[in-house]
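What follows is a short report on a single structure.
The values are calculated or read from the model by the stated rules, or taken from the named source; none is laboratory data. What you see is a predicted model, and the numbers here were worked out from it, not measured in a lab. As a convention, Cβ positions derive from the backbone with ideal geometry for all residues, glycine included, and neighbour counts pool all protein chains shown.
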Amino acid sequence: MGIQEQYRSEAAALLSSGEVKLVIGFGPGSTADRRRPLFARTPEEAEKLVLDPACISNLTTYLVAGGLLSDGKKVAIFLKPDGIRSLNILVSECQVKPEQVVIFGYAIENNEIRPLSGRSIGDFAEIGSKIRTATPPPAVQKEAERLEAMSPAERFEFWKEQFSKCIKCYACRQACPMCYCRRCIVDVNQPQWVSTSSHTLGNFEWNLVRAFHLAGRCAACGACDRACPVNIPLRLINYRMGKEVKEAFDYHAGESSDQKPVLASFSQDDPETFIL
Amino acid sequence: MIYTPFPMRVVSKRAEAPGVNTLKLEFVRQEDHEFFKANYQTGMFGLYGIYGEGESTFCVASPETRKDYIECTFRQSGRVTSTLANADAGDIVTFRGPYGNRFPIEQFEGKNLLFIAGGIALPPTRSVIWSCLDQREKYKDVTIVYGARTVADLVYKHELEEWKQRDDVNLVLTVDPGGETPDWTDHVGFVPTVLEQAAPSPENTIAVLCGPPIMIKFTLIALEKLGFTAENVYTTLENRMKCGVGKCGRCNVGSVYICKEGPVFTAAEVQAMPQADL
Amino acid sequence: MTRILPKNKLDDCIAAWQKAGYSVLAPVQRHDMSSFDEVQKASDMALDLILTERTIKDHFFPQTEPLIKYKISKHDIDSETMTPPDKKRIFFGVRPCDASGLAIDDPLFGWDYKDDYWFRRRNNSVIVTIACAEADDFCMCTSVKLSPDSTKGADVMLRPLASGNGWQIEAVSERGTALLDTVSPLLQESSDQAAPVPQVAEKFDVEKVMEWLADPANFESQFWKDISMRCIGCGSCTFLCPTCHCFDIQDEGDTYQGIRRKNWDSCSFALFTMHTSGHNPRNAQSTRWRQRIMHKFNYYQGKFGVNSCSGCGRCTRQCPVDMGITETLQAITNLPR
């Protein structure tokens, strides 16, 4: 039995026994190379689950949307390592109770699916420990290096051009599992902290605010980047912020579910180089 | 241009109830005033604004029989209304309108009128009330049923007193249970209940009903019990609006654009709308 | 014999138009994104794209539009109404779906109160449409009763020659005729055949869809909840749509001066309809998705006699969770009757 079939039947069993109320996985998409999120509420619906190398989205976004877990019931979810990393962050930020989530873990390697053993977040400690030594995807690495080699003025020009495309749809926020605020700062209007208009200033304000809010919290899943309808390379910003946090605090977001959020905790050993 | 408002000068401000104020506004420019006089009819609304904060939608609370100024009454709640509430006499604010449809008061002629309002919804009703009282001879019996949560929340207290004194107006005042003061001599109870007790006759009567959704819902039931048909009950809907002229796409209930086809509807028209979208 | 515009005359054409006072905008690929932007020469254009990611709507109803400039001092306020630049523009290489989008939005911006910001730009623009030579999996113009060579919204229609050497060219409006007069020496008579128009399969039955939507009993159908469960409310579909026109009006500036602006807004956003009281008529993502579909295929039709969709397919093409109008309307088409 292939991994897809195995997970399907396990998902069906969880649903028919009533252990979980919902399975969040993938189903066929609108074209041969697309997969879309699928919500299975019955064993029959679980039969439609698909698991193949095209299943790339990070589904943890749904765990924190619309009060899904507020009834205390359990949910099963298909997660690859970046999703597990996101879940670690969400648990560490007290947004998700780990006992409410059953994980169907998988990794995509050489265009093939490999199952990850374990069902609860605690079983995936190995995934977390690998984050320390992991290297970013070659494409990200290459672009990041190109940007870092630029002079500040060149880099500013690069981002100015990229941000000039922003249309303030906030798709990056909506797609991001870490953007779970009930009321985002851009939606607050008394006072209006961030301009709603997508002109140069407004676009900079938004993209920088988001970058700062994700510093030390980003699982590098790329959901924002994929969701951006105007192709702003958002993962490069988040990569850089992650790097800053790593260098300053030796902190890797999503390493484990019991780590303390880096910018919300204090340690006497924290470097104070930023204090003038 | 389409989104350019009229500058208006604040003549006076009156505190009506906790957090509720009335501004009396006069036109700065003659041509704006002429436009308003030519177009305003009772029931229409406008977008009131302050540069730097934005615009907010509410009705014109003054009647079509008094067009020398605009009165608006609003509860201080968001960014715009909080700033408007701080305006003083002499300050410049803006007005865009009048927009929307109206209460067809010439069709009400020769009929009894029953006005029912709850809380902050007296302002739109008051516009019709005065439009009719200012030509009192055209209408038969006039009954006003008005309720608020507490005595303090009643707006236009000086006018309530005036209506009470008039012998050609039957005013029924009520406050919600617990909202009365020791010296309160009027009714205590919710508007639908008090309305049923007052039992106005539906015979040759038009009802104008404005209030929060929950009050509308139960008052409609009471009116039906009293024998009113939905075609003879008028109400005004308020939704979030930005343009006021049928473009910005947010005020519709089903296919009905409140800003263009409303805000005044008969209860029958409201009942035909998808209720889940209200 | 038909008139053709040879490809090697395009540079001369642009120069002639520029000399006549026009800016020429065409599909370009810049900063990892395709959109319409000003070009100086033919090689700036990305005419092989099936469709630009951004629509030409951006140039008629920009994402942020200054309406009024204001200055506040004690007891006095100066305000000045701002108007869009009055520059003559040619949009070259517009796809039929995008051109149709403009025509679809005209009645909305024009009913009763005329939106001058839209119409000034409409009036100073000439739309040169190029019929499609290719379609992708997401194109759905035929499903909404348009076609890859529809002239709706166009002033000039170009049809690519089978040889690839140019386009058959034809004016389809008075404005188009006037535009071609400015370049008539560059046009040639030729018997070259136009390339075949791509086959775009009909993906749903729009008549059946409209009938289902018109039934009030379906307004509260479970269908809406099921179909929109994965919607994350990002609004990309609305911002990339050639016909979506919802907006917000916002004041921006400091205490003493600023600008009142008309900014894009989206029915997908929770705050779009929220009252100050906290009551929200469309408080769930499913009700917002229903609004989008109903607006496009029922309400708009009722008001203006046309559906508010030109079949470009961007909503599905760009959706981060693979939703879109096509899937929903397909599902409605296939519902048991």
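Is it the case that C:Gln318 is modelled with pLDDT under 95, facing another protein chain (nearest Cβ under 9 Å), in contact with a Lys or Arg (Cβ under 9 Å, 6 or more places away or on another chain) and crowded, with 21+ Cβ neighbours inside 10 Å?
When the stated conditions are applied, C:Gln318 does not pass them.
Of all residues in the stretch A:118-129, which are within 17 Å of the chain's Cα centre (by Cα) and of a type outside the set (Gly, Ala, Ser)?
Those that are within 17 Å of the chain's Cα centre (by Cα) and of a type outside the set (Gly, Ala, Ser): A:Ile121, A:Phe124, A:Ile127.
State the number of residues belonging to the stretch B:38-77 that are more than 19 Å from the chain's Cα centre (by Cα) and more than 22 Å from C:Leu67 (Cα to Cα).
Within the stretch B:38-77, residues that are more than 19 Å from the chain's Cα centre (by Cα) and more than 22 Å from C:Leu67 (Cα to Cα) number 1.
Name the residue that is nearest to C:Ala284 (Cα to Cα), counting only residues in the stretch B:252-276 that are more than 8 Å from chain C (Cβ to nearest Cβ) and in a loop (DSSP other than H, G, I, E, B).
B:Met273
May I ask you to list pairs of residues, at least six apart or on different chains, whose Cβ atoms are under 7 Å apart, with the first in the stretch B:212-227 being on the phi > 0 side of the Ramachandran plot and the second being not aromatic (Phe, Trp, Tyr)?
B:Gly227/B:Pro202
Applying the selection to the stretch A:175-226, what residues are farther than 28 Å from A:Thr135 by Cβ and in contact (Cβ under 8 Å) with a residue 60 or more places away in the chain?
A:Tyr180
Can you say whether B:Ser56 is crowded, with 21+ Cβ neighbours inside 10 Å, within 19 Å of B:Leu122 (Cβ to Cβ) and small (Gly, Ala, Ser), as far as the supplied structure shows?
Judged against the criteria, B:Ser56 is a match.
Tell me whether the stretch C:131-153 contains one or more residues that are assigned to a strand (DSSP E or B), within 15 Å of the chain's Cα centre (by Cα) and either farther than 30 Å from C:Ala201 by Cα or not hydrophobic (A, V, I, L, M, F, W, C) (or both).
no
When the stretch C:248-266 is examined, which residues are found to be polar (S, T, N, Q) and within 22 Å of B:Lys247 (Cβ to Cβ)?
Correct list: C:Gln250, C:Asn263, C:Ser266.
Applying the selection to the stretch C:179-218, what residues are over 30 Å from C:Lys296 (Cα atoms), in contact (Cβ under 8 Å) with a residue 24 or more places away in the chain and of a type in the set (Gly, Ala, Ser)?
Correct list: C:Ser190, C:Ser191, C:Ala194, C:Ala195.
What do you reckon, is C:Ile249 farther than 18 Å from A:Arg173 by Cα, among the β-branched types (Val, Ile, Thr) and touching a Pro at 6+ places or on another chain (Cβ under 8 Å)?
No: the conditions fail for C:Ile249.
Within the stretch A:17-47, restricting attention to residues that are touching a residue at least 60 places away in the same chain (Cβ under 8 Å) and in a loop (DSSP other than H, G, I, E, B), which residue is nearest to the chain's Cα centre (by Cα)?
A:Val20
Output yes when any residue across the stretch A:69-77 is within 14 Å of chain C (Cβ to nearest Cβ) and touching a Leu at 6+ places or on another chain (Cβ under 6 Å), and no when none is.
The answer is yes, given that some residue of the stretch A:69-77 is within 14 Å of chain C (Cβ to nearest Cβ) and touching a Leu at 6+ places or on another chain (Cβ under 6 Å).
Which one of these is free of Cβ contacts under 8 Å to residues at least 40 places away in the same chain and either out of contact with any Cys (no Cβ under 6 Å at 6 or more places or on another chain) or within 30 Å of A:Ala32 (Cα to Cα) (or both): A:Glu99, A:Glu93?
Result of the check over A:Glu99, A:Glu93: A:Glu99.
Looking only at the stretch C:199-219, how many residues end up being within 14 Å of chain B (Cβ to nearest Cβ) and either within 26 Å of the chain's Cα centre (by Cα) or surrounded by fewer than 15 Cβ atoms within 10 Å (Cβ to Cβ) (or both)?
Going through the stretch C:199-219 one residue at a time, the tally reaches 6.
Look at A:Gly67 and say whether it is assigned by TED's automatic domain parsing to the domain that holds A:Pro115 and surrounded by 15 or more Cβ atoms within 10 Å (Cβ to Cβ).
When the stated conditions are applied, A:Gly67 does not pass them.
Within the stretch B:77-98, how many residues are more than 20 Å from B:Phe6 (Cβ to Cβ) and either crowded, with 18+ Cβ neighbours inside 10 Å or facing chain C (nearest Cβ under 10 Å) (or both)?
Within the stretch B:77-98, residues that are more than 20 Å from B:Phe6 (Cβ to Cβ) and either crowded, with 18+ Cβ neighbours inside 10 Å or facing chain C (nearest Cβ under 10 Å) (or both) number 3.
Identify the single condition in (1) within 7 Å of another protein chain (Cβ to nearest Cβ); (2) farther than 30 Å from C:Gly311 by Cβ; (3) of a type in the set (S, T, N, Q) that C:Asn283 does not satisfy, given that it satisfies every other one.
Evaluating C:Asn283 over (1) within 7 Å of another protein chain (Cβ to nearest Cβ); (2) farther than 30 Å from C:Gly311 by Cβ; (3) of a type in the set (S, T, N, Q) leaves (1) as the failure.
Name every residue in the stretch C:220-262 that is at the interface with chain A (Cβ under 9 Å from one of its Cβ atoms), of a type in the set (S, T, N, Q) and touching a Gly at 6+ places or on another chain (Cβ under 9 Å), in order of residue number.
C:Gln250
Restricting attention to the stretch C:287-307, report how many residues are within 10 Å of another protein chain (Cβ to nearest Cβ) and not basic (Lys, Arg).
Qualifying residue count, the stretch C:287-307: 9.
Give the number of residues within the stretch A:17-65 that are within 11 Å of chain C (Cβ to nearest Cβ), of a type in the set (Ser, Thr, Tyr) and in contact with a helix residue (DSSP H, G or I) (Cβ under 8 Å, 6 or more places away or on another chain).
3
Out of the residues in the stretch C:68-111 meeting the condition of being part of a loop (DSSP other than H, G, I, E, B) and within 11 Å of chain B (Cβ to nearest Cβ), tell me which one is modelled with the lowest pLDDT.
The extreme case among them is C:His75.
Return yes or no: is B:Glu238 among the acidic types (Asp, Glu) and either away from chain C (no Cβ under 14 Å) or not in a loop (DSSP other than H, G, I, E, B) (or both)?
no
Suppose the filter is at positive phi and within 17 Å of the chain's Cα centre (by Cα); does B:Gly147 pass it?
So B:Gly147 fails the test.
Of all residues in the stretch C:54-67, which are more than 13 Å from chain B (Cβ to nearest Cβ) and surrounded by fewer than 21 Cβ atoms within 10 Å (Cβ to Cβ)?
Selection gives C:Asp58, C:His59, C:Pro62.
So which pairs qualify, if the first residue must be in the stretch A:141-166 and polar (S, T, N, Q), the second must be buried (at least 16 other Cβ atoms within 10 Å of the Cβ), the Cβ gap must be under 6 Å, and the two must be at least 6 apart or on different chains?
Filtered contacts from the stretch A:141-166: A:Gln162/A:Ile232.
Given the options B:Leu173, B:Leu154, name the one that is closer than 23 Å to B:Pro18 by Cβ and in contact with a His (Cβ under 9 Å, 6 or more places away or on another chain).
One residue alone meets the criteria, B:Leu173.
Based on this model, can you work out whether A:Ala144 counts as loosely packed, with under 13 Cβ neighbours inside 10 Å, of a type outside the set (Ser, Thr, Tyr), more than 14 Å from the chain's Cα centre (by Cα) and not assigned by TED's automatic domain parsing to the domain that holds A:Leu59?
Here the answer is no, as A:Ala144 does not meet what is asked.
Just to be sure, is B:Ile129 crowded, with 22+ Cβ neighbours inside 10 Å and under 26 Å from B:Ala15 (Cβ atoms)?
Yes, satisfied.
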